[in-house]
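Undergrad: First the structure, then my questions, so here it is.
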Amino acid sequence: MKATVFLGGGRITSALLAGLQLARYDRPIVVHDRHPRKLRQVKREYGVTVEPDLHRAVKMARVLIIAVRPDSVRELLQQVGPVSRRLTAVSLTAGVPLAQLRDGLGPPVQWARAMPSPVSRSGSGLTALTFGPGLSIAVRANLRKLFALVGPVVEIPENQFDAFTVTYSSSHGLHALATLVDAAEAIGLDRKTARLAAAHALADGIVAWRAGNLPLKQLLREAATPGGIAATVMASLDDAGYAEIVARGLRAGIARARQMSRRS
């Protein structure tokens, strides 16, 4: 039986393997990586088949998932070489467009791109998908089902992929959490209480927005009563350039994605 084959045994592969294990995914999985240590680790933690030989791994693939860094994609595809059979390949690599990927393995290989979150390991990671030309309705449906096992799936045009990549990362919430915890400690809370308060500050608002049908701005007005303490905090953040800082960060991420695309 053909397998779902991961080329690359790093962090995002580990997150997906954990999520698929949680979802009781029962199809064969094979992982290839050039580092024996990573193969030993994924085999020990997830019980998947590992294959140190790149070409043998590719021959085993029903779906080939490219999970390497952007600056390694070109070299990896060159090592694989032209593929003579029809094969579905999915790139998890940020910044590398479908047009470049299609040139790598030849026309029998049909491509999609996916951008899954490390939160996939808990079964709650958001994944963006975009499909290259030629993928059948059935293949598209199967890819949606695969990534839906580890969380919600959204299909977007490829020209939005970089913007999605810099926006959706769980690092935004974790960075905000760490920053809020540090600031709370600085004004007198002990670390345990600071973590509790900061986690509720971030998570409760999002849970309320997801669970209800009220506009985000209305919820924000309810949470930050005009003239009150929360409103004063929000106003101070805005006056300090909070919105521009976030926008600047996203623009920097877009620039980095385009830079990686040129290098790949």
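No lab work stands behind these numbers, since they all come straight from the coordinates. Being a predicted model, the structure only gives us computed values, none of them experimental. In this analysis, Cβ positions are derived from the backbone assuming ideal geometry, glycine residues included, and neighbour counts consider all displayed protein chains.
Undergrad: Cα to Cα, under 25 Å, and not fewer than 8 places away if on the same chain: which lysines meet these conditions relative to LYS38?
TA: Leaving aside lysines fewer than 8 places away in the same chain, those within reach of LYS38 are LYS2, LYS59.
Undergrad: Amide H neighbours of ALA128 under 5 Å, counting only residues 5+ apart in sequence or on other chains, H built in-plane at 1.01 Å?
TA: MET115, VAL154
Undergrad: As a footprinting exposure proxy, order ARG113, ARG40 by other Cβ within 10 Å, with the fewest listed first.
TA: Ordered by Cβ neighbours within 10 Å, fewest first: ARG40, ARG113.
Undergrad: With a bin width of 10 angstrom, please list the P(r) values of the chain as percents of all Cα-Cα pairs, from the 0 bin to the one holding the largest distance.
TA: With a bin width of 10 Å, the distribution comes to 6, 25, 31, 20, 13, 5, 0.
Undergrad: By how many nm would the segment from TRP209 to ILE187 grow when fully extended, if each residue of separation counts as 0.36 nm and the alpha-carbon distance is taken off?
TA: Answer, rounded to one decimal: 5.1 nm.
Undergrad: With charges set only on the Cβ (+1 for Lys and Arg, -1 for Asp and Glu), what does the dipole of region 155-212 come to about its Cα centre, in debye to the nearest 20?
TA: 300 debye
Undergrad: Sticking with this one: Residues with amide H under 5 Å of ILE65's amide H, sequence separation 5 or more or different chain, H placed in the peptide plane at 1.01 Å from N; which?
TA: VAL5, PHE6, LEU7, VAL90
Undergrad: Suppose the chain between HIS175 and ASP103 were pulled fully straight at 0.36 nm per residue; how much longer would it get relative to their current alpha carbon spacing?
TA: That works out to 22.2 nm of additional length.
Undergrad: Using 7 Å Cα-to-Cβ label points, what is the GLU155/LYS43 separation (nm, one decimal)?
TA: 3.8 nm
Undergrad: Additional query: Give the calculated FRET efficiency between HIS55 and ALA141 to the nearest 0.05, with a Förster radius of 30 Å applied to their Cβ-Cβ distance.
TA: Step by step, r from the Cβ atoms, then E = 0.55.
Undergrad: Moving on to the next point. Once you charge only the Cβ atoms, +1 for Lys and Arg and -1 for Asp and Glu, what is the size of the charge dipole of the chain about its Cα centre, to the nearest 20 debye?
TA: For the chain, the charge dipole is close to 1240 debye.
Undergrad: Ignoring everything except DSSP H segments at least 4 long, calculate the 222 nm mean residue ellipticity for the chain; use -39,500 (n - 2.57) per segment, divide by total residues, nearest 500.
TA: Mean residue ellipticity at 222 nm (helix-derived): -17000 deg cm²/dmol.
Undergrad: Cα-based Rg (one decimal) and Dmax (whole number) for region 171-262, in Å?
TA: 15.8, 50
Undergrad: Lys and Arg at +1, Asp and Glu at -1: add these up for the other residues within a Cβ distance under 13 Å of ARG86 and post the number.
TA: Taking every Cβ under 13 Å from that of ARG86, the sum is +3.
Undergrad: Rounded to the nearest 0.05, what FRET efficiency do LEU219 and GLU75 have when you use their Cβ-Cβ distance and R0 = 35 Å?
TA: After rounding to 0.05, the efficiency reads 0.15.
Undergrad: For region 186-241, give the magnitude of the charge dipole about the Cα centre (Cβ charges: +1 Lys/Arg, -1 Asp/Glu; no others), in debye to the nearest 20.
TA: For this selection, approximately 200 debye.
Undergrad: Given a Förster radius of 41 Å and the C-beta distance between ILE229 and ARG11 as r, what FRET efficiency does 1/(1 + (r/R0)^6) yield to the nearest 0.05?
TA: 0.55
Undergrad: Okay, moving on. Explain nothing, just compute: Karplus ³J(HN,Hα) = 6.51 cos²θ - 1.76 cosθ + 1.60, θ = phi - 60°, for every residue of region 202-212 in order, whole Hz, x for Gly and Pro.
TA: 7, 6, 5, x, 5, 4, 5, 5, 5, 7, x
Undergrad: Under the Karplus relation 6.51 cos²θ - 1.76 cosθ + 1.60, θ = phi - 60°, what is the ordered set of whole-Hz ³J(HN,Hα) values for region 59-74, x standing for Gly and Pro?
TA: Values per residue, Gly and Pro as x: 5, 7, 7, 8, 10, 9, 10, 8, 10, 10, 5, x, 6, 10, 5, 4 Hz.
Undergrad: Could you give me the ³J(HN,Hα) list for region 109-119, computed from phi with Karplus coefficients 6.51, -1.76, 1.60 and θ = phi - 60°, whole Hz, x at Gly and Pro?
TA: These are the phi-based 3J(HN,Hα) values: 8, 9, 10, 9, 10, 9, 10, x, 8, x, 5 Hz.
Undergrad: Fewest first, what order do MET260, MET234 take by the number of other Cβ atoms within 10 Å?
TA: The order, fewest Cβ neighbours first, is MET234, MET260.
Undergrad: For LEU7, LEU101, what's the fewest-to-most ordering of other Cβ within 10 Å of each Cβ?
TA: The most exposed by this proxy come first: LEU101, LEU7.
Undergrad: Taking every DSSP beta bridge with both residues inside region 3-161, roughly what % is antiparallel (nearest 5)?
TA: 20 percent
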